[in-house]
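Notes follow once the structure below has been shown.
The values are calculated or read from the model by the stated rules, or taken from the named source; none is laboratory data. The model shown is predicted, which means the values in this text are computed figures rather than measured ones. Counting neighbours? That spans all protein chains shown, and the Cβs are built from the backbone with ideal geometry, glycine included. Areas reflect the complete protein model, heavy atoms only, side chains present, ligands, DNA and RNA absent. Shrake-Rupley method; radii C 1.70, N 1.55, O 1.52, S 1.80 Å.
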Amino acid sequence: MTTGARAGGTASILEARDLEVLLGGRQRFLGTAVPPVRAVAGVSLTLAAGETLGLVGESGCGKTTLGRVLLGIQRESAGEVLLDGRIVSGMDRADARKSRNAIQYVHQDAGAALDPWWSIGGILDEGLRVHGLGDAVARHERIDRMLGAVGLDASFRLRYVHELSGGQLRRVALARILLLEPRIVILDEPTSGLDLSVQATVLRLIQDLKARLGLTYLLISHDLSVVQRICDRVAIMYLGRIVEIGPAAQVFAAPRHPYTRTLLAAAPRLVPGHEMPGANLIIGDPPSARHLPPGCAFHPRCAFGESKCTEAVPRLEAAGAVHEVACRRWRAIDVVPVSI
Amino acid sequence: MLVLKKFAKDKPAVLGAFIVLIVVVVAIFAPLLAPYPGDAAASHLLLRLKPPSAAHPFGTDNLGRDILSRVILGSRGALAIALLVVGTAMLIGVPLGLIAGYSRGWLSETNMRITDVFLAVPQLILALAIAQLMGPSLQSAMLALTLTYWPFFTRIVYAEARRLSASLFIDALQCIGAGTTRILFLHVLPNCISPVIVRATIGMGFTILVAAVLGFLGMGATPPDPDWGLAISESRQYLPEAWWFSTFPGLAIFLTVLGFNLLGDGLRDIVDPRLRRSR
């Protein structure tokens with residue numbers, strides 16, 4: 001397990017300020033208006049150079065949307081994105097994406113994210129062509145080197161997507177993105193759909209590449225064991241907001257937000273009898289993003305909720321040197337160590 | 001090659017490919033293969049309506065022309081119409097479908113509504129109307145067939161492109177910053193070309209059939225062209241005595257259309273990217 005606070009003192013390379021994303025919502029001709037959904041609501045986040053930040057939350061909590069907005073492929077409705085201190089938001093999609101070439105995104109389903117008609121060599125070459133990197137000989141050499149770096153070899157050039165296994169596809173997807181020489185890589189569920197032994201090798205590869213190429217990762221996942229294993233810091237999202245953010249070791253050992261506690265308690269473990277007392281009290285399904293409860297969005301499901309929780313949306317407040325939590329009752333909740 | 005192996009197992013498809021191959025070879029070498037190449041235009045009234053014999057295996061027609069020669073020479077016209085009509089229809093329909101499928105909003109909507117309008121025009125009626133306007137000729141028949149056939153390609157490509165534009169690998173390409181032209185022609189097009197090829201193959205047979213109908217109605221090829229449909233039309237008044245006059249051109253139409261349809265059905269079964277193999 002990697003420990004560590006916010007990579008000590010290093011400047012942030014990516015920063016999000018009060019990001020807000022409204023999805024859908026349109027007025028059809030002569031139809032009833034469909035209100036938009038607030039997929040991301042006022043998220044502020046910094047990513048320090050060289051760190052791995054985990055973004056954790058239930059399905060539909062907006063973590064993938066947040067990743068895509070940071071990437072620039074999805075437009076933000078409000079807020080700013082800063083890359084190296086420069087504002088790179090507020091432009092149209094093509095310009096936003098171009099200004100953020102240093103950020104690249106690895107899709108969740110590697111098999112579906114590669115064109116079935118193209119050979120692996122062609123797929124890898126294409127990214128370089130699009131970015132105008134090198135002539136044919138140089139590209140060829142770089143692809144061979146990158147295939148080696150992700151644990152494949154040059155013979156994979158001629159293969160097709162359907163001929164590869166899940167783990168191999170993950171490696172190809174990583175190779176394609178890393179060929180573009182990004183500094184920040186957004187990894188969306190890098191291990192979903194892989195069996196445990198393959199997961200372990202892919203995770204090792206991800207960490208190895210980070211060290212070798214000096215990358216910064218934003219890792220989107222709902223698999224807590226993966227996050228705990230490779231992340232320096234963790235941000236917990238619930239219905240479009242970050243409810244807790246802090247060093248992974250601290251968040252996992254002493255979760256402050258009731259939602260984090262329920263998430264950790266819900267994680268399956270192999271040792272019986274290690275449940276966190278009083279934390280498995282999550283009630284019902286997450287509410288619809290169209291009709292958010294007033295105040296703290298988590299209060300209807302919260303074991304510690306009270307009537308005052310409905311009054312205002314709690315803001316992130318410091319609960320430690322680098323640990324922030326958005327819950328007005330966090331002091332009232334006992335810190336219970338958990339093990340995953 | 002896995003594709004060829006799978007195709008070889010599909011007997012009807014192989015038969016279809018065989019027929020199409022023969023028709024193409026016959027069309028290319030028609031003047032060399034026809035026993036009386038001059039019979040495209042010449043007439044020999046003394047040899048009128050002779051039944052099949054060694055000298056004239058398919059018999060002779062009402063002007064004493066060798067029917068075998070005319071069937072062979074007619075294959076050229078039939079194939080040329082099919083190729084030109086389907087080719088032009090693809091050139092119009094495929095790019096429109098790609099654009100309509102990949103774009104959103106007014107561009108896509110306008111495109112598809114225009115396509116729907118053309119799709120609603122009945123092929124034969126338009127062909128007859130154009131033949132009335134321009135005078136019956138092969139050109140007017142081809143124009144009418146093209147004008148009514150391209151919407152089919154637009155529809156197919158539109159549906160495929162729409163499906164593909166929502167797929168993850170297109171999203172991934174947008175994420176690495178690939179341009180629209182690159183995505184459309186190098187990724188969307190190859191992935192939706194299979195149903196287009198299938199449709200084109202079946203469309204060839206269909207076009208030959210409709211061209212024959214137009215010839216039969218006197219709205220397509222004009223005498224003395226060795227057109228199959230025209231020949232059947234001319235033979236009507238000599239039935240049933242001169243059965244060979246209509247039978248052999250009819251068989252030619254039947255076999256050619258059958259060949260293209262069998263081939264098209266066979267292609268439909270094998271167009272699957274999973275059959276692509278590196279080894």
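Among the numbered conditions (1) in contact (Cβ under 8 Å) with a residue 40 or more places away in the chain; (2) within 14 Å of another protein chain (Cβ to nearest Cβ), the only one that B:V210 does not meet is (2). Does B:F7 satisfy the criteria of being surrounded by 13 or more Cβ atoms within 10 Å (Cβ to Cβ), in a helix (DSSP H, G or I) and modelled with pLDDT under 90? Answer is yes for this residue.
Of the helices (runs of 4 or more DSSP H) lying entirely inside segment B:159-252, those containing at least 3 residues that are closer than 29 Å to B:I81 by Cβ span B:189-216, B:228-235. Limited to segment A:83-110, what total is found for residues that are in contact with a Lys or Arg (Cβ under 9 Å, 6 or more places away or on another chain) and closer than 25 Å to B:S194 by Cα? Selection size over segment A:83-110: 1. In segment A:305-319 there is at least one residue that is at pLDDT 80 or above, closer than 19 Å to A:A235 by Cα and not in a loop (DSSP other than H, G, I, E, B). Only residues that are away from chain B (no Cβ under 14 Å), part of a helix (DSSP H, G or I) and either in contact (Cβ under 8 Å) with a residue 24 or more places away in the chain or under 24 Å from the mean Cα position of the chain (by Cα) (or both) were counted in segment A:147-175, giving 5.
Among the residues of segment A:124-138, the ones that are more than 9 Å from chain B (Cβ to nearest Cβ) and either in contact with a Pro (Cβ under 6 Å, 6 or more places away or on another chain) or buried (at least 19 other Cβ atoms within 10 Å of the Cβ) (or both) come to 3 in all.
For every residue, the table says whether it meets (1) outside any helix (DSSP H, G or I); (2) at pLDDT 85 or above; (3) open to solvent by 60 Å² or more (accessible area, probe 1.4 Å); (4) touching a Lys or Arg at 6+ places or on another chain (Cβ under 9 Å).
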{"site": "A:A16", "(1), (2), (3), (4)": "yes, yes, no, no"}
{"site": "A:R28", "(1), (2), (3), (4)": "yes, no, yes, no"}
{"site": "A:T32", "(1), (2), (3), (4)": "yes, no, yes, no"}
{"site": "A:V43", "(1), (2), (3), (4)": "yes, yes, no, yes"}
{"site": "A:G50", "(1), (2), (3), (4)": "yes, yes, no, yes"}
{"site": "A:E58", "(1), (2), (3), (4)": "yes, no, no, no"}
{"site": "A:T65", "(1), (2), (3), (4)": "no, yes, no, no"}
{"site": "A:R68", "(1), (2), (3), (4)": "no, yes, no, no"}
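For segment A:208-226, give me each residue that is within 17 Å of A:A267 (Cα to Cα) and either at pLDDT 90 or above or touching a Pro at 6+ places or on another chain (Cβ under 8 Å) (or both). The answer is A:I220, A:S221, A:V226. For segment B:124-145, the criterion of being touching a Phe, Trp or Tyr at 6+ places or on another chain (Cβ under 6 Å) and open to solvent by less than 20 Å² (accessible area, probe 1.4 Å) is met by no residue. Could you tell me which residue of segment B:162-173 is nearest to the other protein chains (Cβ to nearest Cβ), considering only residues that are open to solvent by 40 Å² or more (accessible area, probe 1.4 Å) and under 25 Å from A:I103 (Cα atoms)? Among residues in segment B:162-173 that are open to solvent by 40 Å² or more (accessible area, probe 1.4 Å) and under 25 Å from A:I103 (Cα atoms), the one nearest to the other protein chains (Cβ to nearest Cβ) is B:L168. Residues that are more than 14 Å from B:C175 (Cα to Cα), free of Cβ contacts under 8 Å to residues at least 40 places away in the same chain and surrounded by 14 or more Cβ atoms within 10 Å (Cβ to Cβ) were ranked within segment A:89-111; the one that is farthest from the other protein chains (Cβ to nearest Cβ) is A:S89. Of all the listed residues (B:T201, B:T181, B:T207, B:T247), the sole one being at pLDDT 85 or above and open to solvent by 60 Å² or more (accessible area, probe 1.4 Å) is B:T181.
The set of residues in segment A:45-60 being among the polar types (S, T, N, Q) and closer than 24 Å to A:R290 by Cβ consists of A:S59 alone. One residue is enough: does segment B:17-31 have a residue meeting the conditions within 21 Å of B:E234 (Cβ to Cβ) and crowded, with 18+ Cβ neighbours inside 10 Å? Among the residues of segment B:17-31, at least one is within 21 Å of B:E234 (Cβ to Cβ) and crowded, with 18+ Cβ neighbours inside 10 Å, which makes the answer yes.
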